[in-house]
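The values are calculated or read from the model by the stated rules, or taken from the named source; none is laboratory data. Not measured: the values here are computed from a predicted model. So basically every Cβ, Gly included, is an ideal-geometry build from the backbone, and we count neighbours across all protein chains shown.
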Amino acid sequence: MKTDWLINSWYRPSLVSLFLRPVSWLYRLIISLRRQAYRNGLFEQLSLQVPVIVVGNISVGGSGKTPFVIWLTQYLQKQGWHPGIISRGYGGKADHYPCSVHLDSLAAEVGDEPLLIHQRTQCPVVVAPDRVAAGQQLLAENNCNVIISDDGLQHYRLQRDMEIVIIDAKRGLGNKLCLPAGPLREPMSRLETVDFTIYHGASESGLMPMHLHIQQAIPLASNIIHKPLTEFADTPIHAVAGIGHPQRFFDQLQQHGLTIIPHAFTDHHAYTEADFQFAEAYPILMTEKDAVKCHAFATQNMWYVPAEAELSPSLGPEIDKKLREL
């Protein structure tokens, strides 16, 4: 990957980060002034008619937002809420915006994560660079009484009632510097202003953890058979991941006793049939986010591995309580 050298410099001592610190200070000043402008009314903030929950992060790279959004949506559904989701639709390029997501939508148009969220939750999803416009169309077309914004923590034009930040506990926040010297979109002090901070993969006490569990694989070609991952232990498998942190998926497969040949792609990679022309005809296991882009050329040896998020039992009731108080 062309930017690997820069990303690696964020997570270990590096002269690159040292040289980029002046640019980082300028970036931090600009984003701080921008946020103050919204807070002081110099820039207009727009509200929607229902509570808005923003799920985002303060660092670049995958942190587990999509599994959390799926968990949160399903939890709120069980509590009697009618949630809808808005998203930037990163990785997709629709003919028009806002664009509503349907079961037969293409990831190339609406983005892989919004399509996956819609397929898993059956909730309405609308994508647009302008989250306010996405929310307005969502409410015009659907009977929703709460909106979840997938990402958009820094999209201050949209007023929000609750902010939830997801952090990759394994990689952490690197050198804790802002871009481009470090991975942070906003300074660490931003965490003091959010409602909940969730640590993906946390094992330390005192942190609110989220853990992703994988148990089975499902064939792309049929979606009917569910096969335990342990049944793939007899042969090597090709492990494919085009997510923010592919190594996490590879580690999970190995923890199930699988022998893997890893194939890491960039986040939101647009797959083609040629990407799967491997020399060995071993089974291919990929993430569910990758799978939504591969059904058109799926073969019998291509499987996806759904992940289920597990959160603290107290988190759901706390979020529900805050919503009802609104």
**Report entry** Within the stretch 189-230, considering residues that are among the β-branched types (Val, Ile, Thr) and assigned to a strand (DSSP E or B), the one surrounded by the most Cβ atoms within 10 Å (Cβ to Cβ)
**Finding:** 198
Report summary line: All-but-one check, residue 196 against (1) within 21 Å of the chain's Cα centre (by Cα); (2) aromatic (Phe, Trp, Tyr); (3) outside the structural domain of residue 120 (by TED's automatic domain parsing), failing number (3)
Query raised in the report: Taking the condition in contact with a strand residue (DSSP E or B) (Cβ under 6 Å, 6 or more places away or on another chain) and modelled with pLDDT of 95 or more, does residue 68 pass?
Result: yes
Report task. Please specify each residue of the stretch 248-267 satisfying the condition of being modelled with pLDDT under 95 and not basic (Lys, Arg). Result -> 266, 267
Query raised in the report: Can you name the residue in the stretch 55-108 that is touching a residue at least 24 places away in the same chain (Cβ under 8 Å), hydroxyl-bearing (Ser, Thr, Tyr) and part of a loop (DSSP other than H, G, I, E, B) and, of all such residues, is farthest from residue 163 (Cα to Cα)?
Result: 97
Query raised in the report: When residue 319 is evaluated against the numbered criteria (1) modelled with pLDDT of 95 or more; (2) in a helix (DSSP H, G or I); (3) crowded, with 17+ Cβ neighbours inside 10 Å; (4) not assigned by TED's automatic domain parsing to the domain that holds residue 201, which criterion, by number, is the only one it fails?
Result: (4)
Report summary line: The condition of being in contact with a strand residue (DSSP E or B) (Cβ under 7 Å, 6 or more places away or on another chain) and not basic (Lys, Arg) holds, among 239, 279, only for 239
Query raised in the report: When residues of the stretch 251-289 are filtered for being in a helix (DSSP H, G or I), closer than 15 Å to residue 303 by Cβ and hydrophobic (A, V, I, L, M, F, W, C), how many remain?
Result: 2
Query raised in the report: When the stretch 231-250 is examined, which residues are found to be within 23 Å of the chain's Cα centre (by Cα), surrounded by 15 or more Cβ atoms within 10 Å (Cβ to Cβ) and either among the acidic types (Asp, Glu) or assigned to a helix (DSSP H, G or I) (or both)?
Result: 246, 248, 249, 250
